[in-house]
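Undergrad: Attaching a single structure in structure tokens format; questions to follow.
What follows is calculated from the coordinates using simple rules that are stated; it is not laboratory data. Every value quoted in this text rests on a predicted model; they were computed, and no experiment measured them. When we count neighbours, we look across all protein chains shown, and the Cβ atoms used for this are built from the backbone with ideal geometry, even at glycine.
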Amino acid sequence: MKIVSRVLPAVLLAVCGTVATAAQPAAAASLPGLVLSSSAVSLPAELAPLATGRRVQYVTTGVTGNVITATGLVLTPKSGKKNRTVAWAHGTTGLADQCAPSANYGVFWPEARAAVAELLERGWTVAAPDYPGLGTPQAHPYLIGNSEGRSLIDSVRAARSLDAALSLQYVVDGHSQGGQGALFASQLAPSYDGTLVLKGTASIAPVSNTQYIIPEIAGTPGQGYLPMALYGLAAVEPTFNPNTVLAAPAQAKAGVLSSGCLPEILETYQDFTAAQLVKGGNVPAAVVTKMASYENPAQTAPSAPVLIVHGEDDEAVPYFLSTDFLVPQIQAYGVPVTFLGLPGADHEEAVFESVNYVADWIAARFA
């Protein structure tokens, strides 16, 4: 595979080195979205007939404004190209480098392929970031919304750097962790996306209002998400040690967070009791509050119309988080919000069942 590099030594120094000067924020502001490398890739069977693909490494910023790198895919339709970009925000894959969808199609989930295929069928270029820390040296700030949101916006910039014909208009579309990240991108856009023009945000089964689910997850089959979230917090709070919360049996199995991806992590922890997962069987209230402060979208107003889709039988992100809390929170800002509830649909089925609806909604935003 031939890699076409667009690397400037000074840029690499700024990105990879430690810059401690007062000029760092100004320098960083000019870098987001810069493509450092680009290589042609073969795509999954569902997408290969529809698009050409490139895996890119590009510049983004961390939650403190520091310059970092991220990776992802840029998918260009083979026919009917409309020169608009949709950033696809994937659901949870894991914490380790091998869990980057751009490099491991085993975690480019079937529902994500279905959603992306429809976007490509409509003629839109798709920017599909991995998120920081998946495929790059730093730890993955799992569920840290501002990290996901910035990498999504910068993936659109990266796509435009590969294709100057692309419009400034873009939409963000995501599922689960990505649905959360999409909403954060909408909040960040006015201060972060520069000359780009966000037209809408589609968010399927988004993580939100985690203060209601973190205290309840220990002892349930899906409790493997909690160690991931604790390590995600540690990635942005260096003084926080997940082992102050995780019980000894959970600590003993923490190696799976680096050796496996989501299926292995969930399987490892699924049969733990609450007391085997976290000390005393409960996450301390102060930790819950800290996690929610980083994880909850709608703490500030989205900057473009929002679509929320949620399956009523969602076992991973409860339906009531959207209906009882998230939708009213967005409505309170006066931002247009459309809600689609799907009877009988679980976490993944919500994506499959809404593929056409979401694409139609995006088309209306671009129109």
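Undergrad: Is the range 264-367 best put as rounded, prolate or oblate by its Cα gyration tensor, with a ≥ b ≥ c the root eigenvalues, rounded for a/c under 1.5, and otherwise prolate when a/b is larger than b/c, oblate when not?
TA: Oblate.
Undergrad: Under 20 Å between alpha carbons, and skipping anything fewer than 8 positions from Lys199 in its own chain: which lysines qualify?
TA: Of all the lysines, those that pass the test against Lys199 - Cα under 20 Å, at least 8 places apart if same chain - are Lys81, Lys82.
Undergrad: Quote to one decimal, in nm, the extra length available between Ala45 and Lys82 on full extension: 0.36 nm per residue of separation minus the C-alpha distance between them. Each step should come with its number before you reach the end.
TA: Working: separation 37, 0.36 × 37 = 13.32 nm, distance 2.27 nm.
Extra length from Ala45 to Lys82 when fully extended: 11.0 nm.
Undergrad: With n ≥ 4 as the cut-off for DSSP H runs, can you work out [θ] at 222 nm for the chain, using -39500 (n - 2.57) per run divided by the number of residues, rounded to the nearest 500?
TA: Details: 14 runs with 132 residues, N = 367.
Only helices count here, giving -10500 deg cm²/dmol.
Undergrad: Let me ask something else. Could you state the number of Å between the C-alpha centres of the range 205-219 and the range 274-305?
TA: Comparing the Cα centres of the range 274-305 and the range 205-219, I get a distance of 7 Å.
Undergrad: Can you give the FRET efficiency to the nearest 0.05 for Ala252 and Ala285, using r as the Cβ-Cβ distance and R₀ = 30 Å?
TA: 0.70
Undergrad: Based on the Cβ-Cβ distance from Ser167 to Ala275, what FRET efficiency comes out when R0 is 41 Å, to the nearest 0.05? Each step should come with its number before you reach the end.
TA: Values: r = 54 Å, r/R0 = 1.32.
Efficiency, rounded to the nearest 0.05: 0.15.
Undergrad: Hey, what does the equivalent ellipsoid look like for the range 210-293, semi-axes from the Cα gyration tensor as sqrt of 5 times each eigenvalue, largest first, whole Å? Display every interim value, and only then the final one.
TA: Values: eigenvalues 63, 43, 28 Å².
Listed largest to smallest, the semi-axes of the range 210-293 are 18, 15, 12 Å.
Undergrad: Let me ask something else about it. Taking R0 as 22 Å, what FRET efficiency do you get between Ser37 and Glu349 from their Cβ-Cβ distance, rounded to the nearest 0.05? Don't skip to the answer; put the middle values down first.
TA: Details: r = 37 Å, r/R0 = 1.67.
Once rounded, the FRET efficiency stands at 0.05.
Undergrad: Compute the whole-percent fraction of alpha carbon pairs in the chain spaced more than 33 Å apart.
TA: The share of Cα pairs beyond 33 Å in the chain comes to 24 percent.
Undergrad: Within the range 187-204, which residues have the backbone N less than 17 Å from the label spot 7 Å out from Tyr333 along Cα→beta-carbon, could you tell me?
TA: Label zone hits: 187-194, 197-204.
Undergrad: How large is the charge dipole for the range 210-293, taken about the Cα centre, if only the Cβ atoms of Lys, Arg (+1) and Asp, Glu (-1) carry charge, to the nearest 20 debye?
TA: 200
Undergrad: About the Cα centre, and with charges only on the beta carbon of Lys, Arg (+1) and Asp, Glu (-1), how big is the dipole of the chain? Nearest 20 debye, please.
TA: That gives a dipole near 1560 debye.
Undergrad: Let me ask another. How far apart, in nanometres, would the label points at Glu237 and Gln299 be if each is projected 7 angstrom from Cα along the Cα-to-Cβ direction?
TA: Result: 1.1 nm between the two label points.
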